[in-house]
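For reference, the structure discussed in these notes is given below.
The values are calculated or read from the model by the stated rules, or taken from the named source; none is laboratory data. Quantities reported herein were computed from a predicted structural model and do not represent experimental measurements. FYI the Cβ positions are ideal-geometry reconstructions off the backbone, even for glycines, and counts take in every protein chain you see.
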Amino acid sequence: MHPTQANRRALYSDNALKLGLFGANCSSGRAVTLVPERWSGSWQDNLRLARMADEAGFEFMLPVGRWKGYGGDTDYQGETLETITWAAGLLAATQRLTVFGTVHAPMFHPLIAAKQFVTADHIGSGRFGLNIVCGWNADEFTMFGADLRDHDARYEHAEEWLNAIKRAWGPEEDWDFDGQYIQLKKVRAKPKPMGGGRPIVMNAGASPAGKSFAMRNCDALFSMAPKGKLTEFADHVAGVKAQAPNLDVYTVAVITCRPTSAEAEAYFRHCAVDNADWAAVDSIMAMRGDTRERWPDDFEERRQHQALGMGGVPVTGDPDTVARELADIAAAGARGIALSMVNYADELPFFCDEVLPRLKRLGLRG
Ligand SMILES: Cc1cc2nc3c(=O)[nH]c(=O)nc-3n(C[C@H](O)[C@H](O)[C@H](O)COP(=O)(O)O)c2cc1C
């Protein structure tokens, strides 16, 4: 399909509900678990997975931008493939998937980043997407010898950074950029993105500054849809759409799908309770300032929630249950859902055989 801006935004498919895979570039993916079959995050496994997802008609792969493991018994996400080079490799090996880079704006010079994105976009004939991260974990910045700016200033910087990149993607030549954070002189940046448009841009800000950044600058906003709070999520989507009608809202789900709901629930418990990497969970919670004092009413619930899926909504059950719950998330306004599984490549074939046809029958996918 031609890389028009509309096709890029539709992730090159007509499906009402877009599906992607989230976090496969990291060891253990999004499951903070000790089980031996947990995801390796190796390049070979990523390649195998991306080809499988591409064949099955998934729309996208979204990596996690993380530079340092979270510790615990598994050093959770201790091995991560750098996301722009990861995307470039996967784009070369696939036909249809949009592959995102998840890029920390403060860490990459905008002109190097702009050219890396264009290179990946050419490799994928217009299928590269950009997920902008402004900074979440202070320890990563310390490791780089950099300071994490004050929260809202991170988004001011990111807006300048993205404006510089969008200009580098555009037709001008020899332009200067004189921002508060970024100064550039007589810029030339060629080639341009495929097809005269630009890669789609997403962000997952949750704060007022983060959400308004997305509304002003992005094509897609990723927001969590907590279990049992779909009405709140629907209100959130309606609020976003009222202010930014062209901004698509996506969310994140953790899939445990087995032939029966009892099997699925047992496996979920096995991974996320009996064999969770609790030391890593506690390190993540501490890093985010999520203490028992801060959340006296639901600290244990939050801790549990972190263990399987890092806050993504758990969708656990037989294929009927999983399809129905995904359809409910779509009905609440999600344009797409980024999925994770304990072992993506082992679990994807069953999901494709059983859940995709049900989503088709529900009119959500062709
Ligand atoms: C789906 C999703 C993906 C995210 N991916 C990353 C990531 O890969 N790396 C990272 O440092 N932060 C990531 N974040 C954090 C967000 O970019 C953001 O900082 C966080 O949601 C807090 O919002 P705020 O920055 O507006 O306070 C992600 C958040 C969500 C919900």
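Computed quantities for the displayed model
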{"item": "Within the range 170-281, strands (runs of 3 or more DSSP E) holding 2 or more residues that are crowded, with 16+ Cβ neighbours inside 10 Å and touching a residue at least 12 places away in the same chain (Cβ under 8 Å)", "result": "183-187, 200-203, 220-222, 248-257"}
{"item": "Residue identified as within 27 Å of Ala286 (Cα to Cα) and of a type in the set (Lys, Arg) among Arg154, Arg127, Arg188, Arg198", "result": "Arg154"}
{"item": "Residue satisfying condition, being surrounded by fewer than 23 Cβ atoms within 10 Å (Cβ to Cβ) and within 18 Å of the chain's Cα centre (by Cα), within set Gly366, Gly311", "result": "Gly311"}
{"item": "3 or more residues modelled with pLDDT of 90 or more: qualifying helices (runs of 4 or more DSSP H) within the range 290-366", "result": "319-331, 344-361"}
{"item": "Counted residues, the range 298-327 - those being of a type in the set (S, T, N, Q) and more than 23 Å from Leu359 (Cβ to Cβ)", "result": "2"}
{"item": "Tally of residues being hydrophobic (A, V, I, L, M, F, W, C) and under 15 Å from Gly124 (Cβ atoms) across the range 1-29", "result": "2"}
{"item": "Checking Gly41 against (1) of a type outside the set (A, V, I, L, M); (2) more than 14 Å from Tyr344 (Cα to Cα); (3) buried (at least 19 other Cβ atoms within 10 Å of the Cβ), the condition it does not meet", "result": "(2)"}
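Per-residue answers, yes or no, for (1) charged (D, E, K, R); (2) closer than 23 Å to Val201 by Cα:
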{"residue": "Gly20", "(1), (2)": "no, yes"}
{"residue": "Ser28", "(1), (2)": "no, no"}
{"residue": "Val32", "(1), (2)": "no, no"}
{"residue": "Glu37", "(1), (2)": "yes, no"}
{"residue": "Arg48", "(1), (2)": "yes, no"}
{"residue": "Asp54", "(1), (2)": "yes, yes"}
{"residue": "Leu62", "(1), (2)": "no, yes"}
{"residue": "Lys68", "(1), (2)": "yes, no"}
{"residue": "Gly71", "(1), (2)": "no, no"}
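So that you can scan it fast, the table gives a plain yes or no per residue for (1) more than 30 Å from Arg361 (Cβ to Cβ); (2) of a type in the set (S, T, N, Q); (3) touching a Gly at 6+ places or on another chain (Cβ under 9 Å):
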| site | (1), (2), (3) |
| --- | --- |
| Leu17 | no, no, yes |
| Gly20 | no, no, yes |
| Asn25 | yes, yes, yes |
| Ser28 | yes, yes, yes |
| Asp45 | yes, no, no |
| Leu49 | no, no, no |
| Ala53 | no, no, yes |
| Phe58 | no, no, yes |
| Met61 | no, no, yes |
